[in-house]
Each structure stands twice: as C-alpha cells, then as structure tokens.
Amino acid sequence: MKRFHVHVNVRDLDASIRFYARLFGTGPSVVQPDYAKWMLADPRINFAISQRARAPGVDHLGLQAEDAAELEAIGDRLKAADAVVLAENGTTCCYAHSDKYWAEDPQGIRWESFLTHGAATTYDAPHAAPPAVDATACCGPGAACAAPGSDAAAPGAGTAAATACCGGGCA
C-alpha cells in the first residue's frame, strides 16, 4: 500500500517540529539538524520538513511505494502521461537511500514517487567533483539551485547526468 508524501520547507526547524508534533500527536521518527520526518499510520503519510536554501512552503508532494513492483507501476503511469522529468536509481537524499521518479503536473507541482531502501548518514550524496550545471537548474523538477554544482540538475537532463549532478533529488 502506497503512502502519501508531503515535503515542506521551513524557516525555523525547531518551531516547526513543535507545531507538527502537537498537530500529529507524536514526535518525528527522524530528526537531523536540518530535517525531520513523521511516518504516520493515521493519516497514512510520510510528512517531512527541512530547513534548506529554499523558500518556505510546500516543496513537493509524492507517493512512497512499499516495493519495487509498486514503484515501477507508478513510474509506468507517469511515463504514459509523459510526466517523468527524472528517474533515479540508488540515490541518497533526505537521509535515505532510494529509487525515484520525479514528475511535474500541469500546474508545475513537483511529484516524487520513491522506494526507500534504508537510512543514510547524510542529507544527500557527496560528490567527488561537481559537474558544470546551469545556476538556474533544479534538483527534481522545479527546485531552484543555489549555485552551479549545488546538488541540482536540469529537468529533462538524462538520468545519469541528473543523478551525478543532483545527488539524488530531495524527498
């Protein structure tokens, strides 16, 4: 069974953790210096917040698959809709190892469909040598980069180039 995913960029992580812990009636299941996540059963949601170099507000929505077949079924539907902007395998993002499909709906809302394989010790994968990237490019469809080589890849860039540039997008 899939789990709905919401990722929100926040200004103040500690204040946001306090707010959402009260709202959900429980503390987060993951807390890092720049990130927190709740894996709730009621409602069935993966709700994440992060304090990154992005504007506060909803960053993206998504569907978390429970197995590879479920992720591929989601990916096939997105491909049929000609909506896949980036496909990633074995990426590291948001303190997790995952496979992903990034898509964008007709309004420009970013959607991340993913299967998590386990926890990671860093927000994203480190890069040996950052590739040349347009400073206005993105990590996952629609997210602005801070600077060239700053974990971002242009939408539609090939999977290998995007994975090398992006370090996995952001969940």
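The values are calculated or read from the model by the stated rules, or taken from the named source; none is laboratory data. This one's a predicted model, so the numbers in the text were calculated from it and none came from an experiment. Virtual Cβ from ideal backbone geometry, glycine too; neighbours counted across all protein chains shown.
Residues that are among the β-branched types (Val, Ile, Thr) and free of Cβ contacts under 8 Å to residues at least 40 places away in the same chain were ranked within the stretch 15-35; the one that is farthest from Pro56 (Cα to Cα) is Thr26.
Residues that are surrounded by 17 or more Cβ atoms within 10 Å (Cβ to Cβ) and within 14 Å of the chain's Cα centre (by Cα) within the stretch 4-40 comprise His5, His7, Asn9, Tyr35, Ala36, Lys37, listed in sequence order. For the stretch 7-57, the set of residues classified as of a type in the set (Val, Ile, Thr) and out of contact with any His (no Cβ under 8 Å at 6 or more places or on another chain) consists of Val8, Val10, Ile17, Thr26, Val30, Val31, listed by residue number.
Evaluate the following for Ala55: is it out of contact with any Phe, Trp or Tyr (no Cβ under 8 Å at 6 or more places or on another chain), at pLDDT 95 or above, over 17 Å from Thr116 (Cα atoms) and exposed (fewer than 13 other Cβ atoms within 10 Å of the Cβ)? In short, no. The residues in the stretch 93-118 that are assigned to a loop (DSSP other than H, G, I, E, B) and surrounded by fewer than 19 Cβ atoms within 10 Å (Cβ to Cβ) can be counted, and the count is 5. Condition check for Val30 on (1) closer than 29 Å to Gln107 by Cα; (2) at pLDDT 95 or above: one failure, at (1).
This table checks each residue for (1) over 25 Å from Val10 (Cα atoms); (2) of a type outside the set (Gly, Ala, Ser); (3) at pLDDT 90 or above; (4) surrounded by 20 or more Cβ atoms within 10 Å (Cβ to Cβ).
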site: Ala48; (1), (2), (3), (4): no, no, yes, yes
site: Glu88; (1), (2), (3), (4): yes, yes, no, yes
site: Thr91; (1), (2), (3), (4): no, yes, no, yes
site: Ala120; (1), (2), (3), (4): no, no, no, no
site: Ala128; (1), (2), (3), (4): yes, no, no, no
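Number of residues in the stretch 41-82 that are in a strand (DSSP E or B) and more than 15 Å from the chain's Cα centre (by Cα) equals 2. Counting only residues that are outside any helix (DSSP H, G or I) and of a type in the set (Asp, Glu), which one in the stretch 1-40 is farthest from Ile74 (Cα to Cα)? Selected residue: Asp12.
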